[in-house]
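Reviewing the structure listed below.
The values are calculated or read from the model by the stated rules, or taken from the named source; none is laboratory data. Because the structure is predicted, anything quoted here is derived from the model rather than measured. Please note: Cβ atoms are built from the backbone with ideal geometry, for glycine as well, and neighbour counts cover all protein chains shown. The protein model used for the area step is the full one, side chains on, heavy atoms only, and it has no ligands, DNA or RNA in it. Shrake-Rupley method; radii C 1.70, N 1.55, O 1.52, S 1.80 Å.
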Amino acid sequence: MKQQLEQIRSQALAALDAAETPAALEELRVSLLGKKGALTAVLKQMGQLSPEERPIMGQVANAVRADIEAKLEERKATIHAAVLEQKLAAEAIDVTIPGDAVVMGHEHPMNQVLQQIKDLFVGMGYTIVDGPEVELADYNFTKLNTEEGHPARDRSDTFYFTDDDSVLLRTQTSSMQIRVMENAKPPICILAPGRVYRKDEADATHSPMFHQIEGLVVAENITMGNLKSALVTVMKQIYGQDAVMRFRPHHFPFTEPSCEMDMQCHKCHGTGEVDGAVCSTCHGEGWIELLGAGMVHPKVLSGCGIDPEKYSGFAFGMGLERMAMGRLKITDLRLIFDNDVRFLNQF
Ligand code: DAH
């Protein structure tokens with residue numbers, strides 16, 4: 001029996017030394033020490049021994065079990081360390097490989113111009129306000145003195161949401177004039193930049209979505225002189241002190257009188273010609289249209305609960321893309337929205 005035990009010990013230790021995985025170790029543990037294991041099988045024969053032999057064999061058997069258990073633990077630790085080592089090696093990150101450079105972006109050129117315009121107006125006491133792009137026809141048209149049937153309300157120009165044409169994507173930021181006047185008492189002095197939408201095919205100068213900047217000043221004794229000085233001051237800051245401006249009569253339903261403001265073409269200096277050819281910047285006009293403006297119509301004021309006998313006001317609306325194109329000498333509007341970094345990096 002002693003021989004049997006010694007054999008189990010030496011075979012077990014050798015087998016344990018050869019085991020390479022946690023699963024192999026577990027299999028050995030069961031086959032050696034388990035209920036049906038080799039050692040248990042030998043111990044079951046103890047009953048056949050004489051009472052003198054029994055304790056001696058018991059001691060040997062215990063020593064064999066202890067040796068096997070010790071070896072098992074030792075191998076477990078070794079294999080565990082090896083597995084960990086392998087895993088670490090497989091998952092290692094080589095911190096010496098150069099990383100991908102992070103490309104720093106910058107403000108979009110249109111936002112650069114918007115920020116400049118906002119800064120100029122804020123410097124003159126204007127407050128920036130924001131409002132909904134999904135708008136009521138009431139605010140976009142009716143309360144701006146643009147009755148049902150007016151060509152500006154045409155379905156072919158406007159994105160309507162409802163069959164009764166009462167909800168739409170605003171076609172102009174002028175809707176903000178009403179929203180502000182309905183909620184504030186004069187003096188009012190606001191600037192409302194934002195997106196507007198019209199059913200236009202995209203080309204070099206049109207886009208179904210573009211940006212406008214609306215301005216509104218309402219107080220006592222506001223005159224056309226205030227309108228002109230505010231706009232000329234801002235435009236000279238943007239286009240240079242020697243920029244030449246003109247105001248030309250025009251019609252808008254919500255202002256009376258109404259005008260458009262033009263800037264003399266910086267390329268042909270108002271002649272419409274460059275080296276005998278038609279100027280490509282102003283298409284021979286000599287002037288570039290900047291914005292629409294006027295004195296707020298008395299009907300619009302009274303519709304918002306403001307007494308036109310006591311208060312007067314001016315309003316203006318300019319196209320931001322047009323301003324940015326003029327300021328940055330961009331020739332195609334679509335470039336502003338394409339977001340091609342080769343274009344954006346130039347500004
Ligand atoms: N909303 C006009 C447009 O989209 C521009 C405009 C004209 C705005 C005159 C005004 C204004 O505030 O007074 O064509």
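Restricted to the stretch 1-70, the set of helices (runs of 4 or more DSSP H) holding at least 2 residues that are under 25 Å from L84 (Cβ atoms) comprises 2-18, 22-33.
Take the conditions (1) within 14 Å of the ligand (Cβ to nearest atom); (2) touching a residue at least 60 places away in the same chain (Cβ under 8 Å); Q112 misses just one of them, which is (1). Taking the criterion of being within 13 Å of the ligand (Cβ to nearest atom) and of a type in the set (D, E), the only residue of the stretch 276-302 that qualifies is E289.
Scanning the stretch 259-295 for residues that are without any contact (Cβ under 8 Å) to a residue 40 or more places away in the chain, within 15 Å of M318 (Cα to Cα) and open to solvent by 10 Å² or more (accessible area, probe 1.4 Å) yields E260, I288, E289.
Look at S207 and say whether it is in contact (Cβ under 8 Å) with a residue 12 or more places away in the chain, among the polar types (S, T, N, Q), out of contact with any Asp or Glu (no Cβ under 7 Å at 6 or more places or on another chain) and over 29 Å from S312 (Cβ atoms). Here the answer is no, as S207 does not meet what is asked.
Within the stretch 153-166, the residues that satisfy the criterion of being free of Cβ contacts under 8 Å to residues at least 24 places away in the same chain and closer than 21 Å to F252 by Cα are R153, D154, R155.
Note on the stretch 11-51: residues that are surrounded by 12 or more Cβ atoms within 10 Å (Cβ to Cβ) and among the polar types (S, T, N, Q) amount to 3. Whenever a residue of the stretch 135-152 is more than 15 Å from V300 (Cα to Cα), its partners that are buried (at least 23 other Cβ atoms within 10 Å of the Cβ) and of a type in the set (D, E, K, R), lying with C-beta atoms within less than 9 angstrom and at least six residues away or across chains, give the pairs E135/R170. From the list G125, G194, the one residue that fits, being within 20 Å of A324 (Cα to Cα), in contact with a strand residue (DSSP E or B) (Cβ under 9 Å, 6 or more places away or on another chain) and in contact (Cβ under 8 Å) with a residue 24 or more places away in the chain, is G194. Filtering the stretch 242-258 to residues that are more than 9 Å from the ligand (Cβ to nearest atom), modelled with pLDDT of 95 or more and open to solvent by 70 Å² or more (accessible area, probe 1.4 Å) leaves R246, P249, H251, E256.
Set side by side, the residues R153, R195, R170 differ, and just one is farther than 29 Å from T223 by Cβ, touching an Asp or Glu at 6+ places or on another chain (Cβ under 8 Å), surrounded by 14 or more Cβ atoms within 10 Å (Cβ to Cβ) and not aliphatic (A, V, I, L, M), which is R153. Filtering the stretch 117-141 to residues that are open to solvent by less than 50 Å² (accessible area, probe 1.4 Å) and more than 16 Å from C189 (Cα to Cα) leaves P132, E135, A137, Y139, N140, F141.
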